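A.B. asks: Below is one structure. I have some questions about it.
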Amino acid sequence: MTWKRLLATALLSVFAVSCTGKPPPPLSPPPVTTPIGQTASSAPDLTPHLRNLEDECPEDNERQGCLEQALLALVPSEGPESVMRLLTTLLEQGTLKKIKDYHDFVHRIGRATAKTFGVTPQAFFRCPRDFNYGCQHGFFEQALIEVPDLKEAALRVCDREFFTTQAPKSLFYCFHGVGHGVMMARAYDLTAS
């Protein structure tokens with residue numbers, strides 16, 4: 001399948017949601033994978049970070065924003081995998097309020113990932129799929145800022161050769177992220193996208 005066909009499929013998916021308000025039928029979920037270079041047993045211990053976050057952000061009206069900023073600040077040193085595990089833990093503990101779905105916040109983690117680790121397939125693949133693929137969507141928002149030519153950005157990140165060694169459908173998810181990045185970069189103007 002050509003990159004144009006994959007991009008068209010991703011854009012049609014976004015168009016279907018914007019027109020009907022309903023997502024297209026779900027695809028079979030990708031197999032669970034661990035980030036490049038990590039196995040489940042080698043994932044870092046997050047306990048020290050949890051303690052630091054709780055110390056840094058006292059319980060008051062500003063705690064929510066403080067915790068979100070502190071999580072974003074950890075992306076360069078800990079990577080998106082650990083930061084999203086911390087986010088999930090803070091939500092499960094009730095430390096962060098469940099006042100939103102955090103998809104948009106996770107876009108910010110994706111943007112920080114692209115800024116920090118570069119516009120590469122290896123960096124893109126570090127983005128966990130939790131929070132409805134928000135990290136991958138945000139990654140492409142930033143990728144299109146750093147590499148404004150859509151075709152160049154898409155082919156740089158969705159490198160077919162790299163993705164042949166990844167889980168099935170990973171290349172599709174990559175181009176799906178391109179579609180979201182284009183829509184967001186064009187302020188959800190479908191014609192311009």
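A.B. asks: Quick check for me: using +1 on Lys/Arg Cβ and -1 on Asp/Glu Cβ, what's the dipole size of the range 58-193 about its Cα centre, in debye to the nearest 20?
C.D. replies: 260 debye
A.B. asks: Summing +1 for each Lys or Arg and -1 for each Asp or Glu, what net charge is found among the other residues whose Cβ lies under 13 Å from the Cβ of T88?
C.D. replies: Here the count lands on -1.
A.B. asks: How high is the FRET efficiency from Y188 to R129, r the C-beta distance, R0 22 Å, rounded to 0.05?
C.D. replies: That gives a FRET efficiency of 0.45.
A.B. asks: Could you calculate the FRET efficiency of E152 with T88 from 1/(1 + (r/R0)^6), where r is the beta carbon distance between them and R0 is 35 Å, rounded to 0.05?
C.D. replies: 0.55
A.B. asks: First select every other residue whose beta carbon is under 14 angstrom from the beta carbon of R129; then total the charges, Lys and Arg +1, Asp and Glu -1.
C.D. replies: +1
A.B. asks: With θ set to phi - 60°, apply the Karplus curve 6.51 cos²θ - 1.76 cosθ + 1.60 along the range 124-141 and write out the HN-Hα couplings as whole Hz, x wherever there is a Gly or Pro.
C.D. replies: These are the phi-based 3J(HN,Hα) values: 4, 5, 6, 6, x, 8, 4, 6, 6, 6, x, 5, 5, 5, x, 4, 6, 4 Hz.
A.B. asks: Here's another thing I want to ask about it. Set Lys and Arg Cβ to +1 and Asp and Glu Cβ to -1, take the dipole of the range 34-158 about its Cα centre, and tell me which of C135, L91, A73 lies farthest positive.
C.D. replies: The one lying farthest along the dipole's positive direction is C135.
A.B. asks: Ignoring any ligand, DNA or RNA, what whole percent of the accessible area of the range 121-170 comes from carbon and sulfur when the probe is 1.4 angstrom?
C.D. replies: Result for the range 121-170: 51 percent of the exposed heavy-atom area is carbon or sulfur.
A.B. asks: Roughly how many nanometres apart are two label points built 7 Å out from the Cα toward the Cβ at E62 and A167?
C.D. replies: So the two model labels end up 3.9 nm from each other.
A.B. asks: Suppose the chain between T47 and T116 were pulled fully straight at 0.36 nm per residue; how much longer would it get relative to their current alpha carbon spacing?
C.D. replies: 22.5 nm
A.B. asks: Find out how many positive minus negative residues lie around Q142, taking Lys and Arg as positive, Asp and Glu as negative, among other residues whose Cβ is under 9 Å from that of Q142.
C.D. replies: My count for the surroundings of Q142 gives 0.
The values are calculated or read from the model by the stated rules, or taken from the named source; none is laboratory data. Fair warning: this is a prediction, and the values are worked out from it, not measured in the lab. In this analysis, Cβ positions are derived from the backbone assuming ideal geometry, glycine residues included, and neighbour counts consider all displayed protein chains. Surface accessibility is based on the protein's heavy atoms, side chains included, excluding ligands, DNA and RNA. Shrake-Rupley method; radii C 1.70, N 1.55, O 1.52, S 1.80 Å.
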